[in-house]
Every structure is written in C-alpha cells, then in structure tokens.
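Trainee: Below is the structure I would like to discuss, written out as structure tokens.
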Amino acid sequence: MIEEIRIDDLGVIGRAHVRLGPGLTVLTGETGAGKTMVLTALSLLLGGRADPATVRTGARSAAVEGRVVLGDGAPALERAREAGAEVDDDGSLVVLRTVTAATDDAPGRSRAFLGGRSVPQGVLAEIAEELVTVHGQADQVRLRSPARQRAALDAFAGPEHQAVLAEHRAAWTERSRVQAELDDLVARAQERAREAELLRLGLAEVERVDPQPGEDVALAAEAERLGNAEDLRAAAAGAHAALVGDDDTAGEAVAATLLVEDARRRLEHVGEHDPALAGLATRVAEAGYLLADVAAELAAYVQDLQADPARLDAVQRRRAELATLTRSYGEDVAAVLRWAEESSARLLDLEGGEERIAALRERRDSLDARLRDLAATITAARSAAAGTLADAVSAELAGLAMAGARLVVDVRPADEHAAHGADQVEMLLVPHAGAPARPLGKGASGGELSRVMLALEVALATAEGSAAPGTFVFDEVDAGVGGRAATEIGRRLAQLATGTQVLVVTHLAQVAAFADRHLVVTKSTADGVDVVTESDVREVDGEERVRELARMLSGQDSETARAHASELLARSVGR
C-alpha cells in the first residue's frame, strides 16, 4: 500500500503532499489543475521513464518521495532487502526519485533511491510489478490487442498454467537455437567440405615430410658447419698447434702448454718462501690443465671433422623440404607442427558435421514433440479458463449497468505455433441480449471498454490463486461513461477497494461519491505563473466535498447542484 507521496518542482506542481490510505481514494480537479503530474510522480516512484522536460520551469531538478508499506514475506520486500534497502520495523519503505533538468551542457538525468540506498531504475519497476497495477485510457486501447487479451486469460488461468507457459517458452527458445545452428550447418555444408579437403591435403603433406621438433634449427647449424669444413679444420688444427705444438711448428714457436708449464715450475720452486707466489703457482697449474683439456678437444674435433659433400647435399635437400612446409603452414617447424595439431582437431570437427547435423535434427524433433505436448496442455488450460473468465466478467458487467451484456473468450488454433503456444485468443463482447458477438477491437465503444477493463481487472484480482497487487490505480477508467453506468462503476470500485487500495483519477461525481477519501487538486498563480502548492492538494470532507461534487456535476456551486451532490453522497454511503 502507498501511504503518501511528496512532490517538488514537477510540472505545474511546486510542492505537494498527497496522503493516501486504504480503501478507495479519488483525485479530482479542473482540467489542467495538475492531476496528471500526480500520476507522473507515481509513475516515477514505480520505476517509470523519467522525462527531464517535466521538471518545473526555472527549477534545477524535480523530486518525488513516497512511502510504501510491504507485507511480511512479500517478494517485493525480499527484493528490496536484496538491493540493500533499509526497511522500517512496520514494513514501510521510503522510495525517492530525482530528475535533473536538461541544459545546453548536459542532458537531464534520473536517480532512484530505495530505503536510503541508490538503486537502478529497474529495481523500482521490479518491486512495483508486485505492488501496483496501473490502468489508464491507453490500457483500454491495448485491451483491443489479441496479445493483451491472451495475457489476461493466461493470468486468470493461474500459477500452474503460468509455469507450463514458462516451460514452453524455454523449450521454444531452445528449439529456435537448435534450428538456427542446424540451418547454419546445412547452408555451409559445401564450404565445410572444401575446407576439410584443403586440410586433408595439408596434413598429408606434413605427414609425408614428417618434420621433427627443432629439426630446422639443427639442420641450419649442420649446413653451416659442413659448408665451412675446411676453414673450421684449419682453425682448429692451428689452435691445437699453438697450444701443444706439432712437427710443422717445431722451432718456430714455443707451445702455450710448455710456456705455462715452465711458469708453474718457476713459481713452485720459490713458493715455499712466499705463500702468495704458491697460490699463483696453483692457479697457473689450473690454467695448464684447462689448456691441456682444450687441446685434447681440439684434436678430437679435427679428427672428427671431415668434408662430406654427400651429407651436405642431403642436409640441403631436407632443408628445402622443410622450407616448402614453412612457406605454407608457418614461419618455422614449430609453427608447422602447431598448425598440424590445430588442423587435425578442426578436421575432426568438420568431418563430424554430418553426425552433428543428425544429432541436431534429433534434438529438434524431440523439442517439437515436447512443444506439442506442452501446447496441448496450454490449450486445455486456456479453454477451461476461458469459460470461467467469461462468466466472471459477464457477472461483473451486469453490475456495471450492462445488463444482458456478456463477454465471450474464444480460444482457437493459431495459424502458426509460437512462443506463447498454438492458440489464438480473442475476446468478444455481446453488448445486449440478441446482439451478435463482436471483437472488442471493433465493436466496443470507449465507455464499454472502460467497463470491460474494470470487470476484467476485478475478475483477475478475485480469481482463485491470484496474487492481486496491494494497490490499483485507475486513470479516468470512467472515460466515455455517464449516468447510471458511472454510478455502477463507482460502486464496483468501492467494492474492489474493500480488499485493496484503489486510487482513481476521475471527472465524474458519480464515481467520486463512493470514495473513502476525496483529494482535490487546484491550481494557484504566483508571479503570473500557474503552480500547485502544499495547500492546493487537499482532502475534502463534509460541506467542502459537497461543493466539489456539485462543481463536477454542473460546473457551478448552486443550491440545485449541492442538493444533487448531497443525494449522491447519501446513496453511496450504503453502496
């Protein structure tokens, strides 16, 4: 239930405080007085779209604050707590919405607060779905839509039916995904076949050459060595001779190992007289050992290194084979091997295309069967609920000055199976006995639509297992209605309000007379500008209410109008 709404700088409203309560509350006032802005404020609190143009001229921002009361265990209460909102001990929750005016430098912005915590606008909309149902003249137009009529029947059919519908929608979504993937596989079958053939050729070439990890690097080093074998042998032999000497160098130079050996002996000879020289003698000895080792390795290198033109030719041919692969499949052997591994996996996927197509077709057929079963269940539930809903609405219409009128809810096979099932739902109105049933979208007047919508809402709210919201808001639901029909609408709204909070914006005194609380919006002028202030939204009672009803009846405050207004009030007391 909504307890109160505070509005600052919204449209013509400078500042207003609207106190609400249980039962039926009506909001009346002259055209243009600001009733629409009250509903706009309510829409903002309920997570509606914010329009910076609604900020009052000259103000930097508008603000709407409301207090709602949530019942213990209500899903909306749990959702508010999940969002971090602070809820009072009595279950009341403060909702705040601000809207900044647009400027040349920046567009207007909106912010939402729930229980002192900043939240996305969508959170307010989620909570509002369970708290409030809003109906305006636009809803009468939407009631002509077959989709809205089907949604109303589904809501009336109950939570079990809604669960089956949700399962059907999920299966429909999955079926659409499977079909899309299947269509893609079939459409790309030739392309996949061409790709698979190219991969097979490439993998066969790689398999024939059989490159080994690091082979290209090893072969490059070997080719370099074999191509310069003579230079390498000469350098190694010369280095060996410099270290240990040979017959060719005898008499020309002293071998390095001999010189080092001579230095070692000299130092060791006097080392006992000075530890420093003894240490140096040890290090010279180590250098001698190292030179001897290097000389031995050089000798072995010269012994093993032979010019081998046949091996060099084989290496060059192998490198040419590897180069053919790297030109096509990677910059080096490592890249070629990666390509082969990835291509093998891709080829398996491509070759499994037919199996995948078969599996998808099997899955699609299974989903089709499941959808047919679910659709049959949905059709049965809709057909059963259609008669009950038609009877309930027809009974309501009889109490809304449409005696003899009845609603027909027609459920028939649709041209195509869709996400909502395989049915086409249409509501038809028989306006009076003997008249043909005509679609709401074609044969119902605005006044009749107003009453059908009210009757439908009452039927939905009172259906077994329904989760009726705590608040109903009707914006001129009585449009196009007058006389006795208006009186009956007022009576039915009052009856609906016995179990829930109902807020009605109306121009009809016959409806306003049934209210438990009557709020009047007037407009003042300050500095030549229209404005609604705190004193301009007030609850009227007693003689003030009689005068307001008289104004609504005749447009003037006359004795005759007052008498009529008093009579209306007296008749409405008993309801």
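The values are calculated or read from the model by the stated rules, or taken from the named source; none is laboratory data. All of these numbers come straight from a predicted model, not from anything done at the bench. Cβ sites come from the backbone with ideal geometry, for glycine too, and all protein chains shown count toward neighbours. Ligands, DNA and RNA are excluded from the accessible area calculation, which covers all protein heavy atoms including side chains. Shrake-Rupley method; radii C 1.70, N 1.55, O 1.52, S 1.80 Å.
Trainee: Output the number of the condition that Val99 fails; it satisfies all remaining conditions of (1) touching a residue at least 40 places away in the same chain (Cβ under 8 Å); (2) in a helix (DSSP H, G or I).
Mentor: Result: Val99 fails condition (2) only.
Trainee: Let me ask something additional. State which residue is farthest from Leu24 (Cα to Cα) when the search covers only the stretch 460-500 and only residues that are of a type in the set (Gly, Ala, Ser) and modelled with pLDDT of 85 or more.
Mentor: Top of the filtered list is Gly490.
Trainee: Of everything in the stretch 508-527 that's open to solvent by 70 Å² or more (accessible area, probe 1.4 Å) and farther than 22 Å from Arg492 by Cα, which residue is modelled with the highest pLDDT?
Mentor: Lys523
Trainee: Is there any pair linking a residue in the stretch 42-56 that is at pLDDT 85 or above to one that is among the charged types (D, E, K, R) and in a loop (DSSP other than H, G, I, E, B), with Cβ under 9 Å and at least six apart or on different chains, and which?
Mentor: That search, which allows pairs on different chains as well, returns Ser43/Arg49; Ala50/Arg109; Pro52/Arg109.
Trainee: On to the next question. Could you tell me whether Val481 is under 35 Å from the mean Cα position of the chain (by Cα) and among the aliphatic types (A, V, I, L, M)?
Mentor: The answer is no for Val481.
Trainee: Consider Arg382 carefully, then state whether it is open to solvent by 30 Å² or more (accessible area, probe 1.4 Å) and touching a helix residue (DSSP H, G or I) at 6+ places or on another chain (Cβ under 8 Å).
Mentor: No.
Trainee: List pairs: first in the stretch 115-131 and in contact (Cβ under 8 Å) with a residue 24 or more places away in the chain and in a strand (DSSP E or B), second open to solvent by less than 30 Å² (accessible area, probe 1.4 Å) and small (Gly, Ala, Ser), Cβ under 7 Å, 6+ apart or cross-chain?
Mentor: Listed by first residue and then by second, the contacts come to Arg117/Ala83; Arg117/Gly84; Arg117/Ala85; Val119/Ala83; Val119/Ala112.
Trainee: Let me ask something else about it. Which of the residues belonging to the stretch 2-22 are surrounded by fewer than 19 Cβ atoms within 10 Å (Cβ to Cβ) and either under 21 Å from Phe514 (Cβ atoms) or among the polar types (S, T, N, Q) (or both)?
Mentor: Arg19, Gly21, Pro22
Trainee: Here is a follow-up. Find all pairs meeting these conditions: Cβ atoms under 7 angstrom apart; at least six residues apart or on different chains; first residue within the stretch 198-226 and touching a residue at least 40 places away in the same chain (Cβ under 8 Å); second residue acidic (Asp, Glu).
Mentor: Taking only residues 6 or more apart or on different chains, the pairs are Val209/Glu321; Asp216/Asp332; Leu226/Asp308.
Trainee: Taking the stretch 300-326 on its own, how many of its residues are open to solvent by 40 Å² or more (accessible area, probe 1.4 Å), touching a residue at least 24 places away in the same chain (Cβ under 8 Å) and either touching a strand residue (DSSP E or B) at 6+ places or on another chain (Cβ under 7 Å) or not aromatic (Phe, Trp, Tyr) (or both)?
Mentor: Total satisfying the criteria: 10.
Trainee: I'd like to know if the stretch 65-77 contains one or more residues that are in contact with a helix residue (DSSP H, G or I) (Cβ under 6 Å, 6 or more places away or on another chain), at pLDDT 85 or above and not charged (D, E, K, R).
Mentor: The answer is yes; a qualifying residue exists.
Trainee: A further question on this structure: Can you run down the residue pairs with Cβ atoms below 6 Å, 6 or more apart or on separate chains, where the first is in the stretch 486-502 and in contact (Cβ under 8 Å) with a residue 12 or more places away in the chain and the partner is polar (S, T, N, Q)?
Mentor: What qualifies is Ala486/Gln510; Thr487/Gln510; Gly490/Gln510; Gln501/Thr471.
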